[in-house]
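No lab work stands behind these numbers, since they all come straight from the coordinates. Every value quoted in this text rests on a predicted model; they were computed, and no experiment measured them. Note that each Cβ is placed from the backbone with ideal geometry, even for glycine, and that neighbours are counted across all protein chains shown.
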Amino acid sequence: MTAERSTAAVLDAALRVRETARSAADGTAGADAVLAALAEVMEYDHASLTRWDPLRRRHTTLAGDYPYDATAYIETRLHEDPVFAVLREPGRGGLWMRDVPRPLLAASPGFREVLRPLGVEDGVAQCLFSADGRYVGMLNVSTRRPRSPRDPARAVVTLLTESLAMVTDSFGRPAAEAGRTGAYACPGGLSPRERQVLAELTGGHTNREIAARLHITPRTVATHVEHILAKLGLPNRAAAAARAAAWGLEPAP
């Protein structure tokens, strides 16, 4: 996708994101599918959709392909970053990196320790709120190329926040209410998708095979495996498969 895409094309892609978000909210699609659809709205190098856990006071990644260190920052430290306080301001839309005041950017550990080492030059962070005003999660998108201020995606991403909030909020409900088994509590602090990938490891599947079975990309699978090993403190896939078997996890039929 190029920056020259017409506004009409971007809006068409946004409608597909909304449809995919509805499917994810009712349990017929995964959060990964939402980010895949979002890639048709705006090209990105890294993205994540996270749910805010008010009890643990941290974010949980529902889908994403940031490296482990960046994901760990988003999950456990982002809510303490000075930029986050600006993002949470009432009525605030998405905050694009190029629009962040330089002094605030310089004071942000997230920029210094996470984004700058990744070569990120642009992107957007968007807080997500439920219909009743609760903060339910966050969208983070990063690119290594600056985007034009006239890029229609800048406006369209803001229009998608209600749909994205619906997805993150649905993963925070109890399993029976959300219509999916195990959507809320996963062992080892794993996200629901990471638990799915972990279960697939017990079948001895390669990343490409897991990607085909879960309808995600091999790159996303590799990122999930990296996160699983780090979160569980395991050395390799074989150890992860053994842990999954001990928990009684099995690959999908």
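Looking at the chain, which longest stretch skips every one of the trypsin sites (Lys or Arg not before Pro) that is in a DSSP loop with at most 10 other Cβ atoms within 10 Å, leaving the sites themselves out? Mind showing how you got there, number by number?
Working: sites that count: Arg57, Arg150.
By the stated rule (loop sites, at most 10 other Cβ atoms within 10 Å), 151-253.
What do you get for GluC sites (Glu not before Pro) in segment 1-109 restricted to DSSP loop and a cutoff of at most 10 other Cβ within 10 Å of the site's Cβ?
Passing sites in segment 1-109 are Glu4.
Once fully extended, how much extra length lies between Arg144 and Glu162, figured as 0.36 nm per residue of separation less the alpha-carbon to alpha-carbon distance?
Result for the pair: 3.8 nm of gain on full extension.
How would you classify segment 187-246 from its alpha-carbon gyration tensor, with a ≥ b ≥ c the square roots of the eigenvalues: rounded for a/c under 1.5, else prolate if a/b is greater than b/c, otherwise oblate?
prolate
Picking from Ala72, Thr206, Asn140, whose Cα lies most toward the positive end of the charge dipole for the chain (charges on Cβ: Lys, Arg +1; Asp, Glu -1)?
Ala72
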